[in-house]
Structure formats: structure tokens, C-alpha cells
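Asker: Just passing along the structure, written as C-alpha cells.
Every read-out reported here was derived from the displayed coordinates using simple, explicitly stated rules and does not represent laboratory data. Since the model is a prediction, treat every value here as computed from it, not as a measurement. Here the Cβ positions follow ideal geometry from the backbone for every residue, glycine too, while neighbour counts run over all protein chains shown.
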Amino acid sequence: MVGHDAWVALGLVQGLMPRRAFALAERLGGPEALLDASPAQLRALDVPDALAARIAGARAQGAREQEALGRLGAHTIGWSDPAYPTRLREIAEPPLALAVRGAFEPDEPAVAIVGARRAGEYGRRIAHELAVGMAQAGITVVSGLAAGIDGAAHRGAIDGGGRTIAVMATATMAAMPAASLNSSRSSQRDAAIAAAA
């Protein structure tokens with residue numbers, strides 16, 4: 001298993017926070033070594049038995065996840081992948097892997113517009129207007145997949161002729177919705193969905 005696949009598998013391990021995964025991989029010699037570690041090796045590094053068992057099953061889970069993503073027309077970007085977004089690497093707990101469907105240019109100029117799911121008309125209108133302006137200025141709009149402000153921001157980016165990226169945080173990347181952001185006015189070039197694990 002190459003580093004890319006190992007990071008994807010580790011990103012799916014429930015209870016394994018990225019910072020801890022990085023530290024364990026460093027101590028053991030890389031992400032593959034972490035996946036291959038014996039229960040005794042993990043116990044010596046203060047990894048609880050339940051977490052060690054989940055790490056032991058991560059390869060198979062990662063393979064299933066990548067198959068499921070392939071059926072959705074998505075692909076993965078692992079921590080070691082050159083396509084992993086530079087700015088995302090700089091946050092306190094960067095995800096070990098991303099699942100992406102659609103065009104994804106990780107280091108393009110972007111702004112996040114997020115807000116309430118149950119936003120009022122005024123909030124949705126302002127989010128839409130801001131996103132239209134950002135899109136017209138060549139800035140990609142990033143938001144979640146909730147209704148309300150997030151949805152208004154995505155629609156605004158598309159209405160402004162720009163790009164939009166929907167981000168969802170989930171331990172199971174294949175939970176990515178089958179319906180994309182694409183509408184009659186957008187294409188896979190205009191919109192992407194990224195799930196982080």
C-alpha cells in the first residue's frame with residue numbers, strides 16, 4: 001500500500017485524530033508502518049486496544065471506501081499527495097485524506113461563506129450577493145452542504161459564473177451525496193464536493 005492509500009485508510013479510523021496519526025506514523029516509520037504495527041507495538045505507544053483493533057482493520061476499510069468513491073465518480077487525495085491543499089496542511093488538525101468529486105484546484109484563491117441552516121431571507125440574499133461578487137472577481141466560493149447560507153453561497157457562485165466547492169466533514173467519505181452541486185447552469189468544472197476524513 002502506497003502512502004496515499006495508507007493515509008486514506010488511517011483517515012477512516014474512528015477515534016484516531018490526525019495529530020495522533022501523524023505522531024504514531026512518525027514514531028513507527030510512516031503510515032504503512034502504522035497500519036502494519038502489531039498490537040504490542042501500538043500498546044507500547046499508549047494506543048488503547050480498541051483503537052489498535054480499528055487500525056488493524058483500516059486497510060480493508062480503506063479499499064472498500066475507495067471502491068465506493070470510484071462508483072460515485074470521486075477520487076481521494078491523501079496527505080502525501082502533491083495535490084493536497086497547501087493551506088489545509090497548515091491548520092491544527094488537517095484531515096489525513098480528502099475525497100473529491102468534480103474539478104478541484106486546491107490552491108486557487110478562495111473564500112469560505114458559511115452560516116445558519118435556517119437563515120432568513122435577508123441572510124440568504126446577502127450570502128448570495130457576496131458569492132456572486134466573489135465569483136465575478138475570480139475567487140472560488142467554499143461552503144458546506146447545508147441549506148440556508150451554504151446553499152445560497154453555492155448558488156451565488158454559480159450565478160456569478162464562478163466556481164464553488166462544497167466541503168463536508170465525515171469519517172466515511174463515501175457518504176458524499178450522490179446529488180452534486182451541478183445544476184443546469186453548472187458543470188463538473190464549476191463545482192466540486194470535497195469530503196474530509
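Asker: Would you mind checking which residues have amide H under 5 Å from Val167's amide H? H placed 1.01 Å from N; only 5 or more apart, or other chain.
Answerer: Ser143, Gly144, Leu145, Ala194
Asker: Here is a follow-up. In what order do Met168, Met134 fall by count of nearby beta-carbon atoms within 10 Å, going from fewest to most?
Answerer: Neighbour counts put them in this order, fewest first: Met168, Met134.
Asker: Could you go through region 61-71 in sequence order and give the Karplus-derived ³J(HN,Hα) for each residue, using 6.51 cos²θ - 1.76 cosθ + 1.60 with θ = phi - 60°, rounded to whole Hz, and x for Gly and Pro?
Answerer: 5, x, 5, 4, 4, 5, 4, 4, 5, x, 5
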